[in-house]
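What follows is one structure encoded as structure tokens, with my remarks underneath.
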Amino acid sequence: MEKIRIGIIGGTFNPIHIGHLIIAQNAVSQYHLDRILFIPTGRSPHKDDSYIEESAHRLEMVRLAIRNNPAFYFSAMEINAPQTSYTYLTLQELSRQYPEWELYFIMGADSLDYLEKWRHPEIICSLATILVSIRDNLNIDDIRSRADTLSRRYGAKIKPIITPNVSVSSRDIRNRVRNHQPIRYLLPAEVEAYIESHNLYQEQDSRMNNEELQKIKKNLKKELDKNRYEHTLGVMYTAGCLAMAHGASLEQAQLAGLLHDCAKCVPNDKKLKICEKNNIPITEVERANPVLLHAKVGAFLAKEEYGVENEAVLHAIAVHTTGVPDMSILDKILFIADYIEPMRNKASNLSSIRKMAFADLDETLKMILSDTIHYLNGSKNDKNIDPMTRKTYEYYAGGSNE
Ligand code: DGI
Ligand code: FE
Ligand code: FE
């Protein structure tokens, strides 16, 4: 008996968009699939009330997006699963329930790199042919060698799906909604209407933000020593409080606080190397005191290693040690939080600076910069002061009523 050819496409689908649909449709026509099964992932292991609401939205948007395509189906099996879902379990379950199905598992070529880190790649490869969609910014030779390795190791059958290069992403769509930019034509009209009528993605989703912070925390813990990690959490919470007090973005302040010292435990020679390799300019003072570079290198790693795209956050990290003249509110908040977080205890004047921080950011900057310059000038500290620290001080000390 001929088996029924089923393409499986998983994803958070938050929201589903034309990129997913185009891949699915091309998989159908290229591999003569009878059906595509969209399976939204169950995301959080703790399935609380907000998870139930959020997953219901994701599922409903999938249903709306595919309803006029007779070859497209969906399943809530992962969303409804009581435990965390894994691809190998999903495929096992499907082949047990539907022995008449021949499975084709669809994934992005960029995920191919991670397949080996998934649970039981050998089971996945034995139960399904893997169809990878290839965007044309990816290197075909890399993909081919990756695929060859997987074939050798797990007997994987890996085949390409040729699609037009549509670089829509769910994250981009969420950002566009939040920034009141159009999303029309990026997803089916029914899904667009659903997003609008349910006010999805309007605010920065703080739960999603928290999830992102948790993930970064886990990685940072490995990169930093214990004290630095504790300091980092102190800066994150303090920056958050200052953002609340001064009406800045809470999410950005926390993210900047969490990552500001991510390069602090990178050895000096490696910091210098990272700068040289990536055309990050090094000043004379920085070469003499490479510890200063942890700010610029931190911004670089925040972007490249931790996936931070927000320019305001990256800028705040880059200038957090010396400041710059004319700082943004986020720059100021991070700079100040770094100085006053609860674990700090060495600086003089801390209690009056802490109090001032919640009243007047510029006045606080002036106090901190003045103390820092005195400290660096002090007899035990023969480090040369970074001219940028001095410039920042002059900017904030001048102009006011002294
Ligand atoms: O990274 P943290 O310890 O949390 O704090 P930070 O980013 O303010 O860095 C503090 C270190 O940087 C400390 O070792 C003093 C040094 N520093 C701060 N401003 C200057 C400076 N070193 C020099 N040479 N010149 C400066 O202007
Ligand atoms: Fe620092
Ligand atoms: Fe710090």
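Summary table
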quantity	calculated
Qualifying lysines (Cα of each under 25 Å from Cα of LYS222; at least 8 residues distant if same chain)	LYS117, LYS264, LYS270, LYS271, LYS273, LYS277, LYS296, LYS303
Set of aspartates and glutamates near LYS218 by C-alpha distance (under 20 Å), chain-local residues within fewer than 8 positions excluded	GLU230, GLU251, ASP261, GLU304, GLU305, GLU309
Most to least packed among 289-295, 322-328, 193-199 [average Cβ atoms within 10 Å]	289-295, 322-328, 193-199
Three-way shape label, the range 1-74, alpha-carbon gyration tensor, a/c 1.5	prolate
Computed helical MRE - 222 nm, the chain, DSSP H runs ≥ 4 contributing -39500 (n - 2.57), nearest 500	-17000 deg cm²/dmol
Overall form of the chain per C-alpha gyration tensor (a/c, 1.5; a/b vs b/c)	prolate
Assigned charges on the beta-carbon of Lys, Arg, Asp, Glu; the chain dipole about Cα centre (debye)	920
Residues of type lysines that LYS3 reaches as a straight line, Cα spacing below 27 Å, ignoring anything fewer than 8 places off in the same chain	LYS157, LYS159
Unit charges at the beta carbon, dipole of the range 81-138: most positive-side option, MET107, ALA128, THR87	THR87
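Here, each number is a calculation from the coordinates, and none is a lab measurement. Note that this is a predicted model, so its numbers are computed, not measured. Backbone-built Cβ (ideal geometry, glycine too); neighbour counts: all protein chains shown.
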